[in-house]
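Input: a single structure, listed below in structure tokens.
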There are 2 protein chains.
Amino acid sequence: MRVSQLFTKTSKNIPADEQAKNAQLLIRAGYIHKEMAGVYAYLPLGLRVLENIKRIVREEMNSVGGQELLMTTLQPRDIWGKTNRWDDEVVDNWFKTRLKNDTELGVGLTHEEPIVDALSSYVDSYKDLPLYVYQIAPKFRNELRAKSGILRGREFLMKDMYSFARTQAEHDELYEKAAEAYTRIFDRLGIGDRTYRTAADGGYFTERFSDEYQTISEVGEDTIYVDEAKKLAVNKEICTDENLVKLGLKREDLVEKRSVESGNIFPLESKYSDALGLYYTDEEGVRQSIIMGCYGIGISRVMGVLAEVFADGKGLVWPEAVAPFKVYLVNIGDVVNKTTDTYDRLQKAGVEVLWDDRETRPGEKFADADLLGIPYRVVVSERLGDKLELKARTGDKIEELNLDELLKHLA
Amino acid sequence: MRVSQLFTKTSKNIPADEQAKNAQLLIRAGYIHKEMAGVYAYLPLGLRVLENIKRIVREEMNSVGGQELLMTTLQPRDIWGKTNRWDDEVVDNWFKTRLKNDTELGVGLTHEEPIVDALSSYVDSYKDLPLYVYQIAPKFRNELRAKSGILRGREFLMKDMYSFARTQAEHDELYEKAAEAYTRIFDRLGIGDRTYRTAADGGYFTERFSDEYQTISEVGEDTIYVDEAKKLAVNKEICTDENLVKLGLKREDLVEKRSVESGNIFPLESKYSDALGLYYTDEEGVRQSIIMGCYGIGISRVMGVLAEVFADGKGLVWPEAVAPFKVYLVNIGDVVNKTTDTYDRLQKAGVEVLWDDRETRPGEKFADADLLGIPYRVVVSERLGDKLELKARTGDKIEELNLDELLKHLA
């Protein structure tokens, strides 16, 4: 794509109403537009990042056999009554709305109840299990305050998967298989090295731990204790001697860190399936409870995490796997033909290129390349003759290459 | 995919609470799940159809230079106040909700105002225009009744594109370019032959016509008069002698038809841009109005249209371009190895296959192949020796082919 064809522009001004670095940078770079506090639209560059994150998450959910579906935002009251999660005194962050006939509706904040309800049309025998279903869909939470940019929004995009197992042992297998997929996801997103599987509170209805995927970050809302050798952590909230024994961790091996939650896994026992009447009949014809797990990754939140943890003084820094483009192409001087040729050849080789074809000072183009956080900058200039300049966003080294060498390097 | 790995099942029972054929069939075939009247979840097969429609629409919007973004569902009151589209007395199908501090919010029913508002951060010079932006996003309309299945939902998925032009002539060019893309879309969706560009009322603020893309269907809510030779139509509501002259149509060439609206294009003049203060400065430094157009296609509605117009007595019939799978593979008797081989070879050739690997009577598998509406049925059976049976969903002819011939036919 050419910058001249992109309607967004960068800005030097830090938005006065944003405290979070992720929102400041993403707005300045034209990735997102603030609709109101905690509610952001995704502009073309931002949507490309979101789609790249979705693709990685989707591939890994499919790889464990997840079946993708799409639940609804509008929610009827009755199914939430069955689990006592309707009343605002119990769940304090619902958005509610009303039909013309005054029937109260919920605006989807999570989807355990409707998913279990939908499955009850299909699942009734041991032959129907085990299974995973998941969706990538918007969620809405009526947060009192929203100051963290896209890290914690009132409207956000989430991947939520649910597993359904016949026995505790089968559940444990599904749970671990999904946990392994989570490790692969965070590796592919470029934050595997700083994201720890972290034991946390499992909720009031289970004695099991939940697993948070905590990414080390200065802006993190959480405090965790990390065992770096074991690549495991424990949330400060549950870091008792008793729990450390259960987890096989020793206090002296732990280091305190600030972190932000990029994903989580909860054991749901049979709380939702029992409440909504989803059972299966076993080989002997006996009705049995279904053991569930739920597996969340905030897609837009992860985009915020990536913005926060990688950004430097010059702007955003995207890992290659999620960057909106791989190459930021800059032409300096009268080199239109050569730049067009470079642009075409790179694209033909499958490299996504954003060509800054504006008639602007080189310094401004370089500053935008940095602010946008595109992994590689390629410069075409008269001064360089047959060569092109290649610079990684994260490095200082500038290499001079001819086009074939460049293609070999990037494709 | 194997049917045994798909959690949905087909049902012979017509849902008692559904009057619309599209909803009856889509529920029986396990494509959708009814959350409440007018609100449907998309199960794995249904989501695949939706994604195929999205892909076609997205490709054609990109082909005219459309820049994709993603607006928000939660909407602040102020921008809608500027166009007088906030009050329930003016717009009667808003869903509204409230923040904790009691601020009223809208639940996005359309996006002219927020899109124009977002662009005002970026567009101010003649150099920034013309442009198209579009999104594919959920919309919410508080319909009094919802009886048409996914043809007219309270929650639905829509593609809405907006064009921004400097002059009326430039607007007309953008409008026609998008209209041509619409023709390509309906052709690719398999309803080009029965979908007419139809002149309709343009709204109270313009003397121009709007264009509806009306698909001939018995269940249509609209009446149109079609000039089959010119491949044009006019909505009954505006079919006056005066308008026919303007349109270059003659009453004697017109045939009355029932139809359903699959898409529409509206000239918006500068109603929204002026109201929200989006102007551009021309070459002489003079402030000018921006002429807008808006271009809608209901993605989920089109899925309903396809279900309605192609279904027969045996079930759904999907055009190949949107079908969830191209082939429904049926094994009869002890032919697991041969079926596995066929399944693998087809998939390797890029053909999407749903293998009915259940231990069920062949008749039941054939009935499901028909109900699901998969374009081709392939049978592997001992009786056939080296041959395979190929039957199109829409034909009666059964061909016997070997695997290589089958691959040549389908890949």
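None of the figures in this text is laboratory data; all of them are computed from the coordinates on show. Since this is a predicted model, take the numbers as computed values, not measurements. With ideal geometry, Cβ positions are generated from the backbone for all residues, glycine too; neighbour counts draw on all protein chains shown.
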Rounded to 5, percent antiparallel among DSSP beta bridges of the range B:261-411 | 65 percent
Summarise the partner chain shielding of B:31-42 as one whole number: the mean count of Cβ atoms from other chains within 10 Å of each residue's Cβ.
-> 6
Angle in degrees between helix A:362-372 and the longest Cα principal axis of chain A, rounded to the nearest 10 | 10 degrees
Could you check what % of the DSSP bridge pairs in the range A:327-410 are antiparallel, to the nearest 5?
-> 45 percent
Enter the per residue convex hull volume of the range A:303-411, computed from alpha-carbon coordinates, in Å³ rounded to the nearest integer.
-> 95 Å³
Is there a pair in A:159/A:236; A:82/B:34; A:9/A:314; A:54/B:54; A:177/B:326 whose C-alpha atoms are over 21 Å apart, and which pairs would that be?
-> A:159/A:236; A:177/B:326
How many angstrom separate the Cα center of the range A:214-283 from the Cα center of the range B:351-411?
-> 49 Å
Lysine pair number, Cα distance threshold 22 Å (strictly under), the range A:327-410, separation 8 or more or different chains | 15
Averaging sequence separations of C-alpha pairs under 8 Å and six or more residues apart, then dividing by the length of chain A, give the relative contact order as a whole percent.
-> 17 percent
Once amide hydrogens are built 1.01 Å from N within the peptide plane, the residues lying 5 or more places from residue A:74 or on another chain with amide H under 5 Å from its amide H are A:108
Cα-projected label distance for residue B:334 with residue B:284, points at 7 Å along beta-carbon direction, nm = 9.0 nm
Based on the Cβ-Cβ distance from residue A:228 to residue B:5, what FRET efficiency comes out when R0 is 35 Å, to the nearest 0.05?
-> 0.35
Per residue of A:124-130, what is the mean number of Cβ atoms on other protein chains within 10 angstrom of that residue's Cβ?
-> 1
Output row, site residue B:205, 7 Å Cα→C-beta label point, backbone N cut-off 11 Å, window the range B:76-95, residues B:82-85
Would you mind giving the mean number of other chain beta-carbons within 10 Å of the Cβ of each residue in A:224-235, as a whole number?
-> 0
When the helices in the protein assembly as shown are scored as -39500 (n - 2.57) per DSSP H run of 4 or longer and the sum is shared across all residues, what 222 nm value do you end up with, to the nearest 500 deg cm²/dmol?
-> -8500 deg cm²/dmol
The answer for residue B:268, listing residues at least 5 apart or on another chain whose modeled amide H is closer than 5 Å to its amide H, is B:292, B:293, B:294
PRE reach from residue A:361 (point 7 Å along Cα→Cβ): which of the range A:1-38 fall under 15 Å by backbone N?
-> A:12
Could you run the Karplus curve 6.51 cos²θ - 1.76 cosθ + 1.60 with θ = phi - 60° over the range B:277-293 and give me ³J(HN,Hα) per residue in whole Hz, x for Gly and Pro?
-> x, 9, 10, 10, 9, 7, 4, 8, x, 9, 6, 10, 6, 10, 8, 10, x
Take every DSSP beta bridge whose two residues both sit in the protein assembly as shown, then give the antiparallel share in percent to the nearest 5.
-> 80 percent
Ranked packing of A:143-152, A:107-116, most packed first, by mean Cβ within 10 Å = A:107-116, A:143-152
Computed E for residue A:240/residue A:84 - FRET, C-beta separation, R0 35 angstrom, nearest 0.05 | 0.75
Just check the protein assembly as shown against the gyration tensor rule for me: Cα atoms, a ≥ b ≥ c as the square roots of the eigenvalues, rounded for a/c under 1.5, and otherwise prolate or oblate depending on whether a/b exceeds b/c.
-> rounded
Cα-Cα pairs in the range A:1-72 separated by more than 18 Å, as a whole percent of all pairs, come to 53 percent
Descending packing, highest mean Cβ count within 10 Å first, for B:360-370, A:393-403, B:157-167 is B:157-167, B:360-370, A:393-403
From a point 7 Å beyond the Cα of residue A:102 in the direction of its Cβ, which residues of the range B:82-104 have a backbone N at a distance under 20 Å?
-> B:88-89, B:92-98
Quick one: helix A:168-188 against the long Cα principal axis of chain A, what's the angle to the nearest 10°, folded into 0 to 90?
-> 10 degrees
For the residues A:36, B:292, A:303, what sequence is obtained by ranking on other C-beta atoms within 10 Å, fewest first?
-> A:36, B:292, A:303
Mind pulling the angle between the C-alpha long axis of helix B:336-348 and the longest principal axis of chain B? Nearest 10 degrees, somewhere in 0 to 90.
-> 30 degrees
Length gain on complete extension for the stretch residue B:396 to residue B:59, per 0.36 nm per residue less the alpha carbon to alpha carbon distance?
-> 117.9 nm
If you bin the C-alpha pair distances of the range A:8-310 every 10 Å from 0, what whole percents do you get?
-> 6, 25, 33, 25, 9, 1, 0
Estimated FRET transfer efficiency (residue B:386, residue A:383; beta-carbon r; R0 60 Å; 0.05) = 0.30
